[in-house]
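As C-alpha cells, the structure follows; a few thoughts come after it.
The values are calculated or read from the model by the stated rules, or taken from the named source; none is laboratory data. What you are looking at is a predicted structure, and each value in this text was computed from that prediction instead of being measured. Note that each Cβ is placed from the backbone with ideal geometry, even for glycine, and that neighbours are counted across all protein chains shown. Surface accessibility is based on the protein's heavy atoms, side chains included, excluding ligands, DNA and RNA. Shrake-Rupley method; radii C 1.70, N 1.55, O 1.52, S 1.80 Å.
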Amino acid sequence: MNSFYDTSRDEPDRPIAQMDDESLRTGGSAKALDTIPKEETIDATRAFFQEGYRFVSNRCERFGSDIFETRLLGGPAICMRGAQAAEMFYEPERMTRKGALPMSTLKLLQDKGSVATLDGPAHHHRKAMFLDLLSPAHAEAIARRAAEELETRAAAWPRLHRVRLIDEFHTILGQAIFEWAKVPVPRDELPRLIDELAAMIANSGTVGPKNWWARARRRRAERKIRRAVDRVRAGFIEAEQESPFSQIVWHRDLNGHLLPPETCVVELLNILRPTVAIARFMVFAVHALSQRPDMRDRVAKDADFAHAFVQEVRRVYPFFPVVGGVARQAFEWRGHHFEKGRFFLLDLYGTDHHSALWPDPEDFQPERFVTREPSPFDLIPQGAGDPAQDHRCAGEWVTIAVMTKLIGVFAEKIDYRPSSQDDSIDLQEMPAGPQSGMTIKDARLCH
Ligand code: HEM
C-alpha cells in the first residue's frame, strides 16, 4: 500500500483539529513509497472524460494508493491527490504549466503569453502585478460592486416568472468586473462580451465543434478589448489613471518593456473571465442553501458563518477537477526519482474530498471551517501553496470575498420559491453545474 495516508485506518477519519502539526502539514505519514502502482492501459484519456471528477480518486481507491502512473494524452502521467501531493506539486518552481494543458483548454482559459505560461523571475514579476491588483482590499471593492449589481438585477425579477441564476450571476459579475477594471468598452457591448466570457468557461472541458465555437467567440472578445488597448496606447482615449485596465496596459516586464498588446488582452481576460466564472460557485452556493434551508438565517446574519459556508461550497462542489504540471528539473521525492519533463496531474477535487483530511467528506458541514482556517495544502479548489511563489490562483481572495458578500445578500434579501426543475449535478460533466442552471420562481427583493 502506498497511500500517503494511513490506509490501514488505525485512526479513521481523525478530525483535522486533532491532528498534530506534522500530520496536518503533510496530510498523513511521510514514509518512503515502495513502488508507484501503474495502470495497464494504452491511454486513459477517454476514461478521464467518462469518469470526470472521480477519475483520479477511482484509481487511488482501486490501488490503495494516493499516487499512481497511467497514460494520458498519449504519454505517461503521474496522478496524485492529498495534502502531501499538493505540497510536492507546489514546491516553488518545481512544475511549469507549459505543455501541461491540452490546447483546447489552454486556448479558452489561459492562452499564450499569460502569467500561467511563465516561469521563474518573469512569472514572479507578472504574478506580483496580479496579486497587487487583486489584493484583499480590492477584492472587497469588487464584492461591494457585485452586491449592488445583485440588488439592481433582483429588483427586476418580479417581472419574470422564473429566474435562471447562472445567467443572472454571469451578468451581475460581468457588469461588476468590467466597471471595476474600467475597461473602456461601450456599456451596450457588455452583454455580448459577458456571454463570450461565459462560453469560454462552459466549453473549457470540450473538444471539437463546441470548443471551436467558443474559441471563435473568444477571438471576437479579444478584438474588442484589443481595440481599447490600442486606442489607449495610441493616445486616442485616456484610461482612468491607476485603474486595473491602465495598470495592465502600462505594465512593464523585467526588462522595462511594455507587454505586447495581445498579451495585455490575454491578461485582461484573465481577470474578467474568471470573475464571471464565480457565477458557477454562486449557483452552487444557492444549491447548498436549497439543500440546507436551516442555514439561511445564519448565512444572512453571521458574516463568520457565511465565510465558513463559502469555504465549504468551494470544498464540496466541483469546479476544476485537476491541475497539470511538467517537472522543470529532475527531483527526488519519498525515495523516488522523477526526471525532468515528467507530467503530473494533481487531483484538486479528490484532495478536497479526501476522507483523511475531511471527516465525512461528502457531507456539507460549514462548521468545519468555523473553528479553523484551511492549511495551504488541504483546501485546494484554486490550487495550493503560496500564490506569490507559484501558480496558485491569483483570484482566490476575490472569489471568497465576492461569494461571501453575494450569498449574504441573497440569504438576507431575496425571497423565492424553488422551481421544480432538475438541479442534479453530473460529476462526469466538466465543468459541472446544476442541470437547470439553478432556476428559482417568484423571486423578489425584500428590504
Ligand atoms: C471562479 C473560481 C475560480 C477557480 C475555481 C479558479 C481556479 C484556478 C486554478 C485551478 C488555477 C491554476 C493553478 C495552477 O496552475 O496551479 C488558477 C489560476 C489563476 N487564476 Fe483562478 N480560479 C478562480 C477565480 C479566479 C479569479 C476571480 C481570478 C481573477 C480575478 C483568477 C485569476 C487567476 C490567474 C491570473 C491564474 C494564473 C496564476 C498563475 O499562473 O500564477 N481566478 N485559478
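The lone criterion from (1) touching a residue at least 60 places away in the same chain (Cβ under 8 Å); (2) in a helix (DSSP H, G or I) left unmet by PRO76 is number (2).
The rows are residues; the columns are (1) at pLDDT below 95; (2) open to solvent by 50 Å² or more (accessible area, probe 1.4 Å); (3) among the aliphatic types (A, V, I, L, M).
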{"position": "PRO191", "(1), (2), (3)": "no, yes, no"}
{"position": "MET200", "(1), (2), (3)": "yes, no, yes"}
{"position": "ARG220", "(1), (2), (3)": "yes, no, no"}
{"position": "VAL232", "(1), (2), (3)": "no, no, yes"}
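GLN50 meets the conditions (1) at pLDDT 75 or above; (2) open to solvent by less than 50 Å² (accessible area, probe 1.4 Å); (3) part of a helix (DSSP H, G or I) in every case but one. The failed one is (2).
Listed by first and then second residue, the pairs with beta-carbon distance under 9 Å, at least 6 apart or on different chains, first residue in the stretch 374-391 and open to solvent by less than 30 Å² (accessible area, probe 1.4 Å) and more than 11 Å from the ligand (Cβ to nearest atom), second at pLDDT 95 or above and acidic (Asp, Glu), are ASP378/ASP352; LEU379/ASP352.
Being closer than 25 Å to ALA327 by Cα, without any contact (Cβ under 8 Å) to a residue 12 or more places away in the chain and within 13 Å of the ligand (Cβ to nearest atom) is the requirement here; does LEU109 meet it? Judged against the criteria, LEU109 is not a match. Here the condition is being acidic (Asp, Glu), farther than 20 Å from ALA288 by Cβ, outside any helix (DSSP H, G or I) and touching an Asp or Glu at 6+ places or on another chain (Cβ under 9 Å); of ASP360, ASP390, it holds for ASP390 alone. Is it true that some residue in the stretch 393-402 is closer than 17 Å to PHE169 by Cβ and open to solvent by 50 Å² or more (accessible area, probe 1.4 Å)? Looking through the stretch 393-402, none of the residues is closer than 17 Å to PHE169 by Cβ and open to solvent by 50 Å² or more (accessible area, probe 1.4 Å).
Just one of (1) over 30 Å from VAL326 (Cβ atoms); (2) crowded, with 16+ Cβ neighbours inside 10 Å; (3) hydroxyl-bearing (Ser, Thr, Tyr) fails for SER114. It is (1).
For every residue, the table says whether it meets (1) under 27 Å from MET103 (Cα atoms); (2) touching a residue at least 12 places away in the same chain (Cβ under 8 Å); (3) among the polar types (S, T, N, Q).
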{"position": "SER204", "(1), (2), (3)": "yes, yes, yes"}
{"position": "ILE225", "(1), (2), (3)": "yes, yes, no"}
{"position": "PHE236", "(1), (2), (3)": "no, no, no"}
{"position": "ARG252", "(1), (2), (3)": "no, no, no"}
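Quick grid of which residues meet (1) open to solvent by 10 Å² or more (accessible area, probe 1.4 Å); (2) closer than 27 Å to LEU190 by Cβ; (3) near the ligand (Cβ under 10 Å from one of its atoms); (4) of a type outside the set (Lys, Arg):
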{"site": "GLU240", "(1), (2), (3), (4)": "yes, yes, no, yes"}
{"site": "TRP250", "(1), (2), (3), (4)": "yes, yes, no, yes"}
{"site": "LEU254", "(1), (2), (3), (4)": "yes, no, no, yes"}
{"site": "THR263", "(1), (2), (3), (4)": "yes, yes, no, yes"}
{"site": "PRO274", "(1), (2), (3), (4)": "yes, yes, yes, yes"}
{"site": "ARG298", "(1), (2), (3), (4)": "yes, no, no, no"}
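Would you check if ALA122 is touching a Lys or Arg at 6+ places or on another chain (Cβ under 8 Å), on the phi < 0 side of the Ramachandran plot and of a type in the set (A, V, I, L, M, F, W, C)? It is false that ALA122 is touching a Lys or Arg at 6+ places or on another chain (Cβ under 8 Å), on the phi < 0 side of the Ramachandran plot and of a type in the set (A, V, I, L, M, F, W, C). Does the stretch 332-349 contain at least one residue that is more than 16 Å from the ligand (Cβ to nearest atom), open to solvent by 10 Å² or more (accessible area, probe 1.4 Å) and under 23 Å from GLU412 (Cα atoms)? Within the stretch 332-349, not a single residue is more than 16 Å from the ligand (Cβ to nearest atom), open to solvent by 10 Å² or more (accessible area, probe 1.4 Å) and under 23 Å from GLU412 (Cα atoms).
The one condition from (1) over 23 Å from SER57 (Cα atoms); (2) outside any loop (DSSP other than H, G, I, E, B); (3) of a type outside the set (Phe, Trp, Tyr) that ARG368 does not meet is (1). Filtering the stretch 112-130 to residues that are more than 9 Å from the ligand (Cβ to nearest atom) and either touching a residue at least 40 places away in the same chain (Cβ under 8 Å) or over 30 Å from ARG328 (Cβ atoms) (or both) leaves LYS112, GLY113, ASP119, PRO121, ALA122, HIS124, HIS125, ALA128, MET129.
Taking first residues from the stretch 347-360 that are farther than 19 Å from TYR90 by Cβ and partners that are away from the ligand (no atom under 14 Å from the Cβ) and not small (Gly, Ala, Ser), the Cβ contacts under 7 Å between residues at least 6 apart in sequence or on separate chains come to SER355/ASP13; SER355/PRO361; PRO359/ASP13; PRO359/PRO15. In the stretch 40-67, the residues that are closer than 13 Å to HIS354 by Cα reach residues that are modelled with pLDDT of 95 or more and among the acidic types (Asp, Glu) with C-beta atoms within less than 8 angstrom, at least six apart or across chains, in these pairs: VAL56/ASP347; SER57/ASP347; ASN58/GLU51; CYS60/ASP66; CYS60/ASP347.
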